[in-house]
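Quick note: the coordinates plus some simple rules give every number you see, no bench work behind them. Note that the structure is a prediction, hence the values are computed from the model and not measured. When we count neighbours, we look across all protein chains shown, and the Cβ atoms used for this are built from the backbone with ideal geometry, even at glycine.
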Amino acid sequence: MSEAMTNTASKTMLEIKGVNKTFGGLHALSDVNLQIVEGETHAIIGPNGAGKSTLLNCCIGKLIPDNGSVTFNGRNMIGMAPHDINHAGMVRVFQTPEIFPELSLLDNVMIPAFAKRDGTFKFNPFKSMANEKVIREEAMSTLAEFALDKFYDQHAGSISRGDKRRLELAMGLIQHPTLLLLDEPTAGMARHDTNQTIELLNSGKMGEMTKVIIEHDMHVVFSLADRISVLARGHIIATGTPEEIKNDPKVKEAYLGEEAVDE
Amino acid sequence: MMKNLIKSNTVIMLIFAAVVLTAPIWTAPIGANYPDLLQKFAIFGIFAVGYNILFGLTGYLSFGHAAFLGIGSYTAVWSFKLLTMNVVPAIILAVIVAGIFALLIGFLSLRRSGIYFSILTLAFAQMAYSLAYSVLTPITNGETGLQLEQQDPRVIDSMFGVVVKDGLPSTNLFGTLMSGYSGFYVAAAILIVAFYISLKIFRSPFGMKLLAIKSNQTRMKYTGFNTRPYLLTAFVISGMYAGLAGGLLASIDPLAGAERMQWTASGEVVLMTIMGGVGTLIGPLLGAVIIKYLENIFSALNKSELTEIFNYMPEWLQTIVVNVTNPFVGEGWHLTLGALFMLIVIFLPGGVMEGVDKIKGLFGFGKKKSTIEGEAK
Ligand SMILES: Nc1ncnc2c1ncn2[C@@H]1O[C@H](COP(=O)(O)OP(=O)(O)O)[C@@H](O)[C@H]1O
Ligand SMILES: [Mg+2]
């Protein structure tokens with residue numbers, strides 16, 4: 001875990017203020033306030049349908065909140081196009097893997113690297129992929145960090161679900177985001193795979209990165225997070241360190257239940 | 001090592017150029033070695049190769065690309081009428097004007113994707129077709145089609161003192177007439193360049209990004225790409241290829257009619273691309289050659305010729321066979337095309353190129369397909 005929380009000078013990177021989002025009659029987010037501090041790993045937990053993914057969607061331009069504000073490094077994110085939000089440094093890894101299934105693993109990782117280099121649009125039809133050595137090597141070493149380099153030339157659609165999730169992590173990491181938003185990065189993984197992923201998220205470049213992790217696996221949450229926010233039926237009911245959250249009666253009642261006792 | 005050699009652009013281009021330029025020789029055994037047909041192979045090959053840059057790379061299925069072909073033809077004929085009988089300005093102008101129209105139509109159509117995009121392109125092309133027949137008659141000469149006239153101004157030609165005394169002037173490339181084999185060689189040379197550009201695009205980061213848009217456009221947006229300009233660029237490039245093909249058609253036969261823009265013509269390039277192999281480098285060109293070759297054979301047949309072909313049969317059988325096959329030839333050739341298309345899509349959804357890959361596989365030198373065809377890793 002990082003030292004960020006002990007550093008009093010740490011600054012707010014992402015500020016979510018008074019965000020509401022309704023779908024028809026459903027109040028998916030109610031007056032959500034959340035601050036993500038530079039350097040921290042912030043977990044958002046809560047039962048299925050609590051609004052966790054919706055909250056991330058409101059940050060990266062997939063959804064526009066009904067009201068409230070989302071400010072990232074001092075810039076208003078609301079109404080900004082998803083590709084501009086990406087270039088502002090906020091990168092999202094999705095709950096159901098969003099990859100390029102028909103392309104090779106290597107290409108999957110090279111493309112986000114191109115985005116970083118080429119910006120939102122670049123017309124370079126006479127450049128050759130074969131000459132993109134720098135980006136290819138960077139992509140290969142990123143694949144290697146996630147133990148995916150052995151099948152770099154396979155179609156991404158053909159690999160296992162766990163590998164797809166790791167591939168998407170690699171795609172996020174290669175962009176060197178300022179803030180990485182991870183939506184249930186270990187969902188659907190076997191215990192062994194989950195542990196391996198936690199290890200990855202906790203070490204190296206990934207470990208130092210500021211991140212928001214949505215997670216329902218308590219094991220993952222308590223081994224990763226500097227701070228935890230609990231979301232229930234669209235409300236943030238508590239924010240605090242893992243210790244504080246564990247002992248918060250409101251949280252126990254609303255969400256953790258027996259699982260908390262097990263941990 | 002060997003694999004890399006085969007994959008290198010230079011080697012591909014050398015082989016490609018050799019095959020294209022020797023077409024008059026190797027098409028002789030199938031009776032396709034006459035200039036008219038060879039010209040069509042090359043011109044519709046260019047059309048399909050360009051169309052594949054849109055459809056093959058981005059997956060956006062345009063049903064309106066014949067509009068750009070038609071616009072290219074009209075532009076070229078106007079260039080012959082107003083400027084010069086030299087094909088160079090005609091072809092350049094055809095590409096530019098088609099590109100401008102593609103920018104406009106693409107900009108509007110690309111506000112939607114999937115079936116809505118296809119229908120928008122179809123609607124625009126049908127509008128262009130109807131306009132050419134109606135209000136635009138002063139520009140298109142309506143039903144008759146735009147033709148050359150002896151008293152056309154041809155300002156550049158007259159500046160150089162070229163006078164046309166009797167008959168109509170002929171299109172030429174700096175003096176070389178565009179008829180017969182010379183017409184084919186000009187079209188073939190342009191096809192080689194057009195193919196080279198397509199090869200470069202396919203193997204560039206730009207082409208890779210187009211493929212990624214086809215694979216998962218949403219992902220591309222959250223990865224930091226503004227996908228609209230990428231799609232529009234691909235649309236305009238393929239529109240310019242269509243304009244180039246249209247300009248070439250008019251250069252060889254200086255005449256432009258609205259039927260070139262009809263939806264059947266737009267559909268034909270879709271069939272060529274799918275039949276040959278969408279997204280493969282060479283497939284669409286093969287598709288164009290196959291369709292134009294079969295069209296040439298089947299549309300030329302008629303009942304009396306069928307009777308002759310099946311003469312060896314007993315008379316009662318001959319009558320049945322002739323009556324069954326007759327609807328498939330001549331005017332009915334599209335029926336044959338439809339049937340062939342169905343067969344290919346059902347049994348070889350990847351087109352002829354899938355068949356080629358399968359045969360390669362049978363003989364044990366099949367290769368794992370990489371994402372961009374032949375991309376050197
Ligand atoms: N695009 C949408 N349209 C309508 N309802 C939605 C949409 N996205 C999410 N919801 C609803 O909002 C609620 C919160 O969903 P979500 O944010 O995905 O929950 P979580 O990620 O916490 O499981 C759910 O009831 C879900 O059905
Ligand atoms: Mg969710």
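Starting with the fewest neighbours, write out B:L244, B:L232 ranked by other beta-carbon atoms found within 10 Å of each beta-carbon. Please report the intermediate quantities before stating the final value.
Numbers: B:L244 28, B:L232 17.
Fewest-to-most ranking of B:L244, B:L232: B:L232, B:L244.
Tell me, how many Å apart are the Cα centres for the range A:64-112 and for the range B:197-217?
21
So which aspartates and glutamates pass the test for A:K62, namely a Cα distance under 15 Å, with those fewer than 8 places away in the same chain ruled out?
A:D84, A:E98, A:D183
If one takes the longest principal axis of the Cα atoms in chain A, at what angle in degrees, from 0 to 90 and to the nearest 10, does the Cα axis of helix A:105-118 lie?
80
Taking chain B as a Gaussian network, where each spring joins two C-alpha atoms under 10 Å apart, which residue of B:G142, B:G114, B:G45 fluctuates the most?
Ranking B:G142, B:G114, B:G45 by mean-square fluctuation puts B:G114 first.
On C-alpha positions alone, give me the angle between the axis of helix A:133-145 and the longest principal axis of chain A, in degrees, nearest 10.
Approximately 40 degrees, to the nearest ten.
Scan the range B:105-174 for chymotrypsin sites (Phe, Trp or Tyr not before Pro) in coil per DSSP, keeping those whose Cβ has at most 16 other Cβ atoms within 10 Å, and list them by number.
Values: sites: B:F107, B:Y116, B:F117, B:F124, B:Y129, B:Y133, B:F160, B:F174; in loops: B:F160, B:F174.
Loop-located and lightly packed - B:F160, B:F174.
Name the residue farthest towards the positive end of the dipole of chain A from the options A:A254, A:P177, A:G46, assuming +1 on Cβ of Lys and Arg, -1 on Cβ of Asp and Glu, about the Cα centre.
So the residue furthest toward the plus end is A:P177.
Per-residue mean of other chain beta-carbon atoms within 10 angstrom of the beta-carbon, peptide A:86-98?
Details: counts 5, 3, 1, 0, 1, 3, 2, 1, 3, 0, 0, 1, 6.
For peptide A:86-98, the averaged partner shielding equals 2.
Return the average number of partner chain Cβ atoms within 10 angstrom of each residue Cβ along peptide A:149-155. Don't skip to the end; give the middle numbers.
Working: counts 0, 0, 0, 1, 5, 1, 5.
Partner-chain Cβ atoms within 10 Å, mean over residues of A:149-155: 2.
What would the Debye formula give as log10 I(q)/I(0) at q = 0.10 Å⁻¹ for the alpha-carbon point model of the protein assembly as shown, no solvent?
With one equal scatterer per Cα and no solvent, log10 I(q)/I(0) is -0.95.
What shape does chain B have by the C-alpha gyration tensor, where a ≥ b ≥ c are the square roots of the eigenvalues, rounded means a/c under 1.5, and otherwise prolate means a/b greater than b/c and oblate the rest?
Working: a/c = 1.42, a/b = 1.07, b/c = 1.33.
Note, shape of chain B comes out rounded.
In whole Å, how far is the Cα centre of the range B:294-343 from that of the range A:8-57?
Distance between centres, Cα-based: 70 Å.
Suppose the chain between B:T137 and B:A189 were pulled fully straight at 0.36 nm per residue; how much longer would it get relative to their current alpha carbon spacing? Can you show the working numbers first?
Details: separation 52, 0.36 × 52 = 18.72 nm, distance 3.39 nm.
My answer for the length gained is 15.3 nm.
Testing the spin-label approximation: label points 7 Å from Cα along Cα→Cβ at B:S158 and A:S69. State their distance in nm.
Result for the modelled spin labels: 7.0 nm.
Separation between the B:L103 and B:I297 pseudo-spin-labels, each 7 Å from Cα along Cα→Cβ, expressed in nm?
4.4
Using only DSSP helix segments of four residues or longer, with each worth -39500 (n - 2.57), what per-residue ellipticity at 222 nm results for chain B after dividing by its residue count and rounding to 500?
Calculated at 222 nm, the ellipticity per residue is -21500 deg cm²/dmol.
In whole percent, what relative contact order does the range B:9-263 give with Cα contacts below 8 Å and a gap of six or more residues?
Details: 412 pairs, mean separation 106.5, N = 255.
Result for the range B:9-263 is 42 percent.
Loop only per DSSP, at most 11 neighbouring Cβ atoms within 10 Å: give me the trypsin sites (Lys or Arg not before Pro) in the range B:212-321, ordered by residue number. Intermediate results must be reported in sequence, preceding the final value.
Details: sites: B:K214, B:R219, B:K221, B:R260, B:K292, B:K303; in loops: none.
Loop-located and lightly packed - none at all.
What average number of partner chain Cβ atoms lie no more than 10 Å from the Cβ of the residues making up A:115-121?
Details: counts 7, 2, 1, 5, 3, 8, 10.
Partner-chain Cβ atoms within 10 Å, mean over residues of A:115-121: 5.
Along the charge dipole of the protein assembly as shown, pointing to its positive end and built from +1/-1 on Cβ of Lys, Arg, Asp and Glu, which listed residue (B:T27, A:M13, B:L231) has its Cα farthest out?
B:T27
Looking at chain B, do any whole DSSP H helices span at least 30 angstrom along their long axis by alpha carbon and average 0.5 or above on Kyte-Doolittle, and which? Intermediate results must be reported in sequence, preceding the final value.
Values: long enough: B:35-58 (34 Å, 1.19); B:87-109 (31 Å, 2.79); B:180-202 (33 Å, 1.71); B:227-252 (38 Å, 1.18).
Qualifying helices, which must be both long enough and hydrophobic enough, are B:35-58, B:87-109, B:180-202, B:227-252.
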